[in-house]
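The values are calculated or read from the model by the stated rules, or taken from the named source; none is laboratory data. What you see is a predicted model, and the numbers here were worked out from it, not measured in a lab. Cβ atoms come from the backbone with ideal geometry, glycine included; neighbour counts cover every protein chain shown. The protein model used for the area step is the full one, side chains on, heavy atoms only, and it has no ligands, DNA or RNA in it. Shrake-Rupley method; radii C 1.70, N 1.55, O 1.52, S 1.80 Å.
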Amino acid sequence: QAAARQEAERAQALRREAERREAQRVAAAEAARQDALRQEAARLEAARVEAARAEAARLEAERQAAAQAEAQRREAARLEAARAEAAKAEAARLEAARVEAARAEAARVEAARLEAERQAAARAEAQRQEAARAEAARAEAARLEAARQDAARLEAARVEAARRQAVLDEEERREAARRAMGRQLDEEAARRDAARAADTRPSSWSSLRRGRLFGRSDPNAELVAYAEAWARRIQLNTSLERLRPLLQQPHGQALVTVAIRRDGTVEAVNFITSSGLPALDEEIRRIVQAQAPYPAFSPLLAQEFDVVEIRRSWQFDSAVRLH
């Protein structure tokens, strides 16, 4: 019984030891399982945290990419707006420049018009003043002439009858001379007209070896060149000082034909149209004769003509002009 009891106690002690060990094993297994659960939970938490961090990083990257794209879009929009604004400003500048150029051109044209009007007005005023001065001078000259004539009449009343008769004889002689000159001019014109009517060749030729240039152009270039050189010589070597008293009187343009021989001497000075002032006609004749002899004909011109007739219109303003 003691042995059985001891055996039972020993068995009880072994059973208890086994239970204790089993309890320890279970506790250790539970602790291991709990530790594994904790590690798994920690791993899952770490994975979740890593996933959250990665997601946050991805979201942050997407946000930054979106922000960068938005910044690029805004920068592109800003650049486009700046380009459009610059283009608009450039177009506005060009338009303003065009408008300014048009305004300047209009101002220039207007200034030119005003200047032309001013010059025309100045010329008209100068002509008016010159006409008034000429009229005043003419009136003064008429007054002086009237006074002189009155004095002359008083003086003439005191001179003898022989003096008056001599004056009358001189006037008759001058009138006869003018009538004779008129008849001579009429006869010369009639002869020229008859010669031109019988001559069917060009105007620069005639059966009398006379070249005629009644305009500024002719098929014969040598004849035109000689006439232009002759006209230039008259225009450049004539002073108006002697003519100024005559030019203040009413007169017109004289149409004159000058016949020049091949050696440059003057054959004749014929008035087709008078200036209306006999004294001025005589001055024209004097000018032509005073500058003779003119250059002799060139060999080519001398082969064709013995005399050339040059017809020009004489105009007097600031100088002598032959048209």
Worksheet entry | Yes/no for Ala195 being at pLDDT below 55, touching a Leu at 6+ places or on another chain (Cβ under 7 Å), assigned to a helix (DSSP H, G or I) and farther than 19 Å from Ser298 by Cβ | yes
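Let's see how each residue does on (1) without any contact (Cβ under 8 Å) to a residue 60 or more places away in the chain; (2) over 30 Å from Arg244 (Cα atoms); (3) not in a helix (DSSP H, G or I); (4) not acidic (Asp, Glu):
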residue	(1), (2), (3), (4)
Glu62	yes, yes, no, no
Ala77	yes, yes, no, yes
Ala84	yes, yes, no, yes
Glu135	yes, no, no, no
Discussion item. It is to be established whether one or more residues within the range 240-254 are part of a helix (DSSP H, G or I), basic (Lys, Arg) and out of contact with any strand residue (DSSP E or B) (no Cβ under 8 Å at 6 or more places or on another chain).
Written reply: yes
Practice prompt. Identify the single condition in (1) over 30 Å from Arg244 (Cα atoms); (2) open to solvent by 60 Å² or more (accessible area, probe 1.4 Å); (3) modelled with pLDDT under 90 that Ala52 does not satisfy, given that it satisfies every other one.
Written response: (2)
Worksheet entry | Leading residue by the ranking (most open to solvent (accessible area, probe 1.4 Å)) among those in the range 289-306 that are in a helix (DSSP H, G or I) and free of Cβ contacts under 8 Å to residues at least 40 places away in the same chain | Gln303
Worksheet item: So which of Ser313, Ser275, Ser318 ends up being at pLDDT below 90 and not hydrophobic (A, V, I, L, M, F, W, C)?
Response: Ser318
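Listed here are the residues, each with its yes/no results for (1) at pLDDT below 90; (2) on the phi > 0 side of the Ramachandran plot; (3) open to solvent by less than 60 Å² (accessible area, probe 1.4 Å).
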site: Arg10; (1), (2), (3): no, no, no
site: Glu30; (1), (2), (3): yes, no, no
site: Arg78; (1), (2), (3): no, no, no
site: Ala81; (1), (2), (3): no, no, yes
site: Ala91; (1), (2), (3): no, no, yes
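One line per residue, one yes/no per condition, for (1) modelled with pLDDT of 60 or more; (2) more than 14 Å from Glu309 (Cα to Cα):
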site: Gln119; (1), (2): yes, yes
site: Gln129; (1), (2): yes, yes
site: Ala132; (1), (2): yes, yes
site: Ala136; (1), (2): yes, yes
site: Glu140; (1), (2): yes, yes
site: Ala162; (1), (2): yes, yes
site: Met181; (1), (2): no, yes
site: Ser206; (1), (2): no, no
site: Arg210; (1), (2): yes, no
Practice prompt. Inspect all residues belonging to the range 34-42 and state whether any of them is assigned to a helix (DSSP H, G or I), loosely packed, with under 10 Cβ neighbours inside 10 Å and either aliphatic (A, V, I, L, M) or touching a helix residue (DSSP H, G or I) at 6+ places or on another chain (Cβ under 7 Å) (or both).
Written response: no
Item to complete: Count, please, the residues in the range 307-316 that happen to be open to solvent by less than 20 Å² (accessible area, probe 1.4 Å) and either over 14 Å from Gly211 (Cβ atoms) or among the hydrophobic types (A, V, I, L, M, F, W, C) (or both).
Response: 5
Discussion item. Being without any contact (Cβ under 8 Å) to a residue 24 or more places away in the chain and surrounded by 13 or more Cβ atoms within 10 Å (Cβ to Cβ) is the filter here; which residues of the range 228-272 pass it?
Written reply: Glu228, Val269
Worksheet item: Does the range 273-282 include one or more residues that are at negative phi, in a strand (DSSP E or B) and either open to solvent by 20 Å² or more (accessible area, probe 1.4 Å) or touching a residue at least 60 places away in the same chain (Cβ under 8 Å) (or both)?
Response: yes
